[in-house]
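The values are calculated or read from the model by the stated rules, or taken from the named source; none is laboratory data. These numbers come from a predicted model, not from an experiment. Here the Cβ is made from the backbone with ideal geometry for all residues, glycine too, and neighbour counts use every protein chain on show. These area figures cover heavy atoms from the full protein model, side chains too; ligands, DNA and RNA do not enter into them. Shrake-Rupley method; radii C 1.70, N 1.55, O 1.52, S 1.80 Å.
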Amino acid sequence: MTTWQSFLEKNRERYIEELFEFVRIPSVSAMKVHIPDVKRAGEWVVSRLESAGIEHVELMPTGGHPVVYGDWLHAGEDQPTILIYGHFDVQPPDPLDLWESPPFEPVMKNGRIYGRGASDDKGGMLTPIIAVEALLNTEGKLPVNVKFCFEGQEEIGSPQIPDFLEKHKEKFAADLVLSSDGLLWSADVPMMLTGLKGLASFEIHVTGPEQDLHSGLGGVVQNPLEALSRLIATMRHDDGQIAIEGFYDDVRDLTEEERHQFSESPYDEEAHKTQLGIKEFFGEPGFTNRERNWARPTLDINGMWGGYQGDGTKTVIPSKAYAKFTCRLVVDQHPDKIVELVRQHVAKHTPVGVTAVVVSSNDKGMPYLIPSDHPANNIVGQVLTEVFGTEPHFARVGGSIPITDSFRASLGAWTFNFGWTVMDENLHAPNEFVRVRNFERGQRAYCMILHRFKKE
Ligand SMILES: [Zn+2]
């Protein structure tokens with residue numbers, strides 16, 4: 001009997017050829033002219049899933065770029081259902097003149113495949129399809145129930161996906177999600193990505209006099225720009241701690257184990273400074289940079305405006321002043337509560353002579369942290385260790401991934417990073433490439449992990 005290992009080995013050339021074929025479809029979701037190509041890429045995925053032996057495959061309309069669904073559900077009701085996620089749309093290829101070979105004419109050079117989407121995420125999302133094909137061909141069945149969710153709008157922020165998933169949550173229901181749109185720590189070191197930050201966003205609008213005034217009146221009225229500056233200054237202490245009352249109340253303290261995990265992941269402070277173009281770090285006292293970045297909430301002014309900004313001088317006291325803020329949140333903070341705390345703070349600290357309103361925005365997201373005792377953590381960690389020959393580094397991200405929010409909100413399922421992209425592979429830039437050895441490691445990793453999820 002052939003094993004899945006030998007099946008993968010025997011079909012190596014074909015899989016590379018298939019990735020080439022997939023990359024040749026210019027499925028740029030951001031560009032109107034490529035709408036049919038995104039659909040064509042979806043159809044390519046449909047037929048590829050079918051030829052792998054997946055059932056109930058369909059291209060589902062979303063109101064925007066489509067989603068591809070497929071499943072194989074014969075492992076039995078006592079076995080878990082794993083949803084595998086990826087995306088078949090790509091970033092625009094511009095600037096074209098910086099590509100060494102045309103973006104949609106893939107080439108192989110030194111063990112790398114160059115082309116738009118080769119790494120993000122066409123190479124990634126092909127690996128689980130290849131894996132189920134190898135398992136079905138050599139074992140006649142899959143160890144667990146498997147569903148697929150491949151979307152065509154990730155690179156434009158998945159505008160229709162949250163509603164789509166909510167509407168089809170029965171169909172996509174699963175015990176957990178594996179994301180092929182995931183990262184490695186570096187070319188040969190895997191990564192366990194366990195946490196993402198949430199987001200709260202709001203503006204503060206300050207109004208002083210009913211209209212702009214001549215600055216000759218400056219001795220007798222409050223200046224809204226100055227009042228806004230003073231107000232903002234009350235929101236954070238000089239040492240970097242956020243001064244909004246109650247802001248940290250819901251933040252979960254880091255455990256000793258988490259602090260240890262963080263310190264085990266390599267970090268070069270000097271290189272980080274150079275990368276950021278800064279001379280000094282600044283942040284909340286009592287925490288390392290890692291801890292601040294991965295596990296502590298933030299408050300940032302993203303823009304401030306008002307008054308005269310043209311050439312020369314204008315002797316004016318402006319009527320209004322504005323600022324935009326975002327907070328990156330950690331478990332168990334809630335964006336609505338944070339905005340409410342800001343409101344209370346602003347009401348208490350608004351300088352005399354102006355009014356200040358806090359305007360909340362719909363750009364918000366819940367923080368995300370996979371429970372440390374989730375049984376899949378061990379399974380994912382073991383498979384990555386075996387495939388890469390080295391243990392994964394733990395990581396969290398200071399930003400957010402909207403799709404994981406949707407899977408959590410609509411399906412109640414946690415998403416595990418199980419993709420093969422390395423940050424140096426020019427994602428979203430000219431000369432994107434994927435390393436063939438990771439494309440192949442990914443195929444093995446998916447075969448292995450589906451076996452490990454099987455309940456005996
Ligand atoms: Zn991606």
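Excluding ligands, DNA and RNA, the accessible surface per residue across segment 203-314 is 64 Å² with a 1.4 Å probe.
Computing the accessible area with a 1.4 Å probe over protein heavy atoms, can you report the carbon and sulfur percentage for segment 236-316?
That share works out to 45 percent.
This model, with +1 at the C-beta of Lys and Arg and -1 at the C-beta of Asp and Glu, gives the chain a dipole about its Cα centre of some 340 debye.
With the cut-off at 1.5 for a/c, could you classify segment 180-315 from its C-alpha gyration tensor as rounded, prolate or oblate? The partial results should precede the final answer.
On the way: a/c = 2.85, a/b = 2.24, b/c = 1.27.
In terms of gyration-tensor shape, prolate.
Please give the helix 35-52 orientation as an angle from the longest Cα principal axis of the chain, in degrees from 0 to 90, rounded to the nearest 10. Helix 35-52 sits roughly 40 degrees off the main axis of the chain.
Quick check: the angle from helix 224-233's long axis to the longest principal axis of the chain, C-alpha only, nearest 10 degrees? So the inclination is approximately 60 degrees.
Computed over neighbours whose Cβ is under 11 Å from that of residue 248, the net charge equals -3, Lys and Arg +1, Asp and Glu -1. The charge dipole of segment 279-386, taken about the Cα centre with unit charges on the Cβ atoms of Lys, Arg (+1) and Asp, Glu (-1), comes to about 500 debye, rounded to the nearest 20. Expressed in Å, the radius of gyration and Dmax of the Cα atoms of segment 88-138 are 13.7, 45. A P(r) calculated from all alpha carbon pairs of the chain, with 10 Å bins opening at zero, reads 4, 18, 25, 23, 16, 9, 4, 1, 0, 0 percent.
Put a plus charge on the Cβ of each Lys and Arg, a minus charge on the Cβ of each Asp and Glu, and nothing anywhere else: the dipole of segment 225-342 about its Cα centre is then about 740 debye.
Got the relative contact order for segment 254-399 handy, in percent, Cα pairs under 8 Å and 6 or more residues apart? Write down the numbers at each step before the final one.
Details: 108 pairs, mean separation 34.3, N = 146.
Here the relative contact order equals 24 percent.
A simple count of charges around residue 147, restricted to other residues whose Cβ falls under 14 Å of its Cβ and scoring Lys, Arg +1 and Asp, Glu -1, yields -4. Pairs 122/147; 109/147; 167/454: which are spaced more than 25 Å apart, C-alpha to C-alpha? The pairs that break the limit, which is 25 Å between Cα atoms, are 109/147; 167/454. In this structure, the amide hydrogen of residue 431, modeled 1.01 Å from its nitrogen in the peptide plane, lies closer than 5 angstrom to those of 100, counting only residues at least 5 positions away or on a different chain. Once the C-beta distance of residue 452 and residue 409 is scaled by a Förster radius of 25 Å, the resulting FRET efficiency is 0.40 to the nearest 0.05.
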